[in-house]
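Q: Sharing a structure below in structure tokens format, with a few things to ask.
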Amino acid sequence: MLIEESYVDVATQAGGDMRIFIFHPKIDGYPKAKFPGVVVFSEIYQVTGPVARFARQIASHGYICAAPSSYHEFTGPEALAYDGPGTDKGNDWKVAKKLSAYDEDATLTIDHLLSLPTCTGRIGATGMCLGGHLAYRAALDERVAATVCYFATDIHSHSLGEGMNDDSLARTGEVRGEVVMIFGKKDNHVPPAGRDLIRKTLHDAGVTFSFYEVAHAQHAFIRDELSKGRYDPAIAGICFQMLLELYVRALRSDLGPSAAASKIEDVC
């Protein structure tokens, strides 16, 4: 599927205009085609090349992707570099930004997708690193039907935003859509105990979720640049199929109202 790229600058109450990068599928001969929308949250470096390529990949399967710039209170929409100074700025702004401002960004981005005449009204979310956590919080919005979180940071430590005391885990019971959590077992940003806590919280809250831990993957293993030596194309491709399976089922299919699940037989 072909893709058209654009952006829109949206005013925020938190400060500054938030730039939302739009990756829109296009089918020649079908000018009124409609597609589900997906919010693609970026890592601490804003919308970098790897994030844009990830959004393009999703859009090429028939989803309108909207990638917001997270740090509009502090800087422009330009991406930070994958180097020491860029990492320091991203980490500093991550905890300087108000939690309410992160939530406002998600709400405004979903609102924009739903305002498009080419959107079906079905919304998903995804993101990597910081963006994985922001996707988790976006799932608290009842309009989000399907969420895929890649190596989401700071959920287990509830340390996102100003004051480093977020309520993401505490609000897990508000999630109404389906969630996929993906981590690498060698991810030192989210240790085993942290991953166990997230899994147990989702289970105890009754959320419909899948949880994957990839044996040899490190943090940021889907980031397709090699400055930190973590990119694993094979595993990234498998995980992308997990994303597509959920989105096709939850965003593109009309499943009708839910009913009680059938009893699973205890036989081989």
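What follows draws every value from the coordinates through simple rules; no lab data is involved. Computed from a prediction, not measured in an experiment: that's the story for all the values here. Virtual Cβ from ideal backbone geometry, glycine too; neighbours counted across all protein chains shown.
Q: List the residues whose amide H sits under 5 Å from the amide H of Cys119, counting only those 5 or more places along or on another chain, with H placed 1.01 Å from N in the peptide plane.
A: Phe35
Q: Another question about this same structure. Can you divide the C-alpha Rg of the stretch 1-134 by 2.2 N^0.38 Å and report the result to two decimal places?
A: Against the empirical 2.2 N^0.38 Å value, I get 1.03 for the stretch 1-134.
Q: Among Ser6, Thr208, Thr87, whose Cα sits farthest toward the positive end of the charge dipole of the stretch 2-252 (+1 at Cβ of Lys/Arg, -1 at Cβ of Asp/Glu, about the Cα centre)?
A: Thr208
Q: Could you work out the helix-only [θ] at 222 nm for the chain, with each DSSP H run of four or more residues adding -39,500 (n - 2.57) and the total divided by the number of residues, to the nearest 500 deg cm²/dmol?
A: Numbers: 6 runs with 78 residues, N = 268.
The per-residue figure over the chain is -9000 deg cm²/dmol.
Q: Now for a separate question. Mind pulling the per residue volume of the convex hull built on the Cα atoms of the stretch 63-189? Å³ is fine.
A: Once divided by residue count, the hull of the stretch 63-189 is 119 Å³.
Q: As an exercise, find the ratio Rg/Rh for the stretch 195-268 from alpha-carbon atoms, using the Kirkwood inverse-distance average for Rh.
A: That ratio equals 1.07.
Q: By how many nm would the segment from Asp266 to Ala96 lengthen if fully extended, with 0.36 nm per residue of separation less the alpha-carbon distance?
A: 56.1 nm
Q: Spelling out what I want: for every residue of the stretch 17-30, take phi, set θ = phi - 60°, compute 6.51 cos²θ - 1.76 cosθ + 1.60 (Karplus), and round to whole Hz; glycine and proline get x.
A: Result, ordered by residue: 8, 8, 7, 10, 7, 10, 10, 10, x, 9, 10, 4, x, 10 Hz.
Q: Also, I was wondering about something else. Computed over the Cα atoms, what is the radius of gyration of the stretch 110-268 divided by 2.2 N^0.38 Å, N being its residue count?
A: Rg over 2.2 N^0.38 Å, computed on Cα atoms: 1.08.
Q: Defining a contact as two alpha carbons under 8 Å apart and six or more residues distant in sequence, what relative contact order in percent does the chain show?
A: Numbers: 532 pairs, mean separation 40.5, N = 268.
Across the chain, relative contact order equals 15 percent.
Q: Select from Ala67, Met128, Val267 the residue farthest towards the positive end of the dipole of the chain; place +1 on Cβ of Lys and Arg, -1 on Cβ of Asp and Glu, and compute about the Cα centre.
A: Projecting each Cα onto the dipole axis, the largest value belongs to Val267.
Q: Related question: Pick from Leu202, Leu130, Leu226: which residue has the top mean-square fluctuation in a GNM of the chain where Cα pairs under 10 Å get a spring?
A: Leu226
Q: Between Asp92, Asp105, Asp154, which gets the highest mean-square fluctuation from a Gaussian network model of the chain, Cα cutoff 10 Å?
A: Fluctuation is largest for Asp92.
Q: With the contact rule set at Cα under 8 Å and sequence spacing of 6 or more, what percent relative contact order holds for the stretch 25-119?
A: Relative contact order of the stretch 25-119: 35 percent.
Q: Let's test the formula: R0 of 25 Å, r as the Cβ-Cβ distance of Asp83 and Arg53. What FRET efficiency results, to the nearest 0.05?
A: In this case the efficiency is close to 0.80.
Q: Over the stretch 2-252, how many pairs of lysines fall under 16 Å by alpha carbon, counting only those 8 or more apart in sequence or from different chains?
A: Summing the qualifying lysine pairs gives 4.
Q: Moving on. Here are labelled values, (i) 38, 20, 18; (ii) 30, 24, 18; (iii) 25, 24, 19, and one is the computed semi-axes √(5λ) of the Cα gyration tensor in Å for what I pasted. Which one?
A: Of the labelled values, this structure produces (iii).
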